[in-house]
1. What are the lysines whose alpha-carbon lies under 26 Å from the alpha-carbon of Lys145, with same-chain residues fewer than 8 places away excluded?
2. Express the carbon and sulfur contribution to the solvent-accessible surface of segment 92-234 as a percent, rounded to the nearest whole number, probe 1.4 angstrom.
3. Expressed as a fraction of 2.2 N^0.38 Å, the rule-of-thumb size for a compact globular protein of N residues, what is the C-alpha radius of gyration of segment 111-264?
4. Segment 132-178 to segment 185-209: how many Å between their Cα centroids?
5. With every atom except the alpha carbons ignored, what do you get for Rg and Dmax of segment 173-250, in angstroms?
6. Magnitude of the Cβ-charge dipole of segment 209-264, K/R +1 and D/E -1, about the Cα centre, nearest 20 debye?
7. How long are the three semi-axes of the equivalent ellipsoid of segment 140-189, in whole Å, if each is the root of 5 times an eigenvalue of the C-alpha gyration tensor, listed from largest down?
8. Work out the length of the dipole vector of segment 137-264 about its Cα centre, built from +1 on the beta-carbon of each Lys and Arg and -1 on the beta-carbon of each Asp and Glu, and round it to the nearest 20 debye.
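The values are calculated or read from the model by the stated rules, or taken from the named source; none is laboratory data. Just so it is clear, the model here is predicted, and its values are computed rather than measured. No Cβ is skipped: glycine too gets one built from the backbone with ideal geometry, and neighbour counts run over all protein chains shown. Just so you know, the surface numbers come from the protein's heavy atoms only, side chains and all, with ligands and any DNA or RNA stripped out. Shrake-Rupley method; radii C 1.70, N 1.55, O 1.52, S 1.80 Å.
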Amino acid sequence: MNDLSAQPGAIIAFAAIAPLLLLMLYVFRALPWTRSGPWRIVIALVALASIMFITAQGAVLAEGGVGGTDPLHQLPLFFAMLAAAAAAMTAHLEGARAAERARLLSLTDPLTGLRNRRAFEESLKVAYEEGTPFSVVFVDLDGFKAVNDRLGHEAGDNALQHAAGALLRAVRQADTAARLGGDEFGLLLLNADAPSAQHIAERALEEMRAVTTEHPEWAPLSASLGIATSSDAATAAALLDRADKAMYSAKRAGGDRIALAEAV
């Protein structure tokens, strides 16, 4: 009959492993297992690494003949390190993705999904630094306040979202559409001179007219557009101001039209 007193290694191993297992059980109950995403995988990999490490050390304590190079000791340690490395990599990738999502959210208008003013102005500065010709279109909705006052804020938000969609359909893939605030939008048209910018602006105007046709209850919603090219101003702020003034020129002429900065 085996005598436990003759197996001090096994007793020491049990005494060392049992509290660790109880601690892991408590930690697992406290961890947010309901969280979605890869964090659950990280927790599972860390748990696996802990269990494999405890198993390796338990083998040494329970079996006096187990050496540092014995597979009974080395294999659990290898899997423990593998699981820990995988957990660290997963956590790093998830952290990087979370940081990128936060960065994009800080540059995105939450209502329309377009870039916000900050992102638009940063893109303007980059365009100036690159030195390639480009144009800016400043867009302001005509009659938006009447829609908002008559039909309510929900209808107003819906109209803004449809206006954003109209602008996205008009621009090219390399262009940037942004909501600058309220019912004001901006388009950054890369490698576009005044005639090219006017062609895209006319397409945007047609898309806006199609929105009003689809939603007659929003009439007389339309848009005024002002165009300025990079050669019209030396800085991003000055260029945006030139486009803004051209837009007001279109608005004063009755709206639902386009004006060039040269005509201001």
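1. Correct list for Lys145: Lys245, Lys251.
2. Carbon and sulfur: 54 percent of the exposed surface of segment 92-234.
3. 0.97
4. 12 Å
5. 13.3, 42
6. 140 debye
7. Each semi-axis is √(5λ); the values are 23, 10, 7 Å.
8. 140 debye
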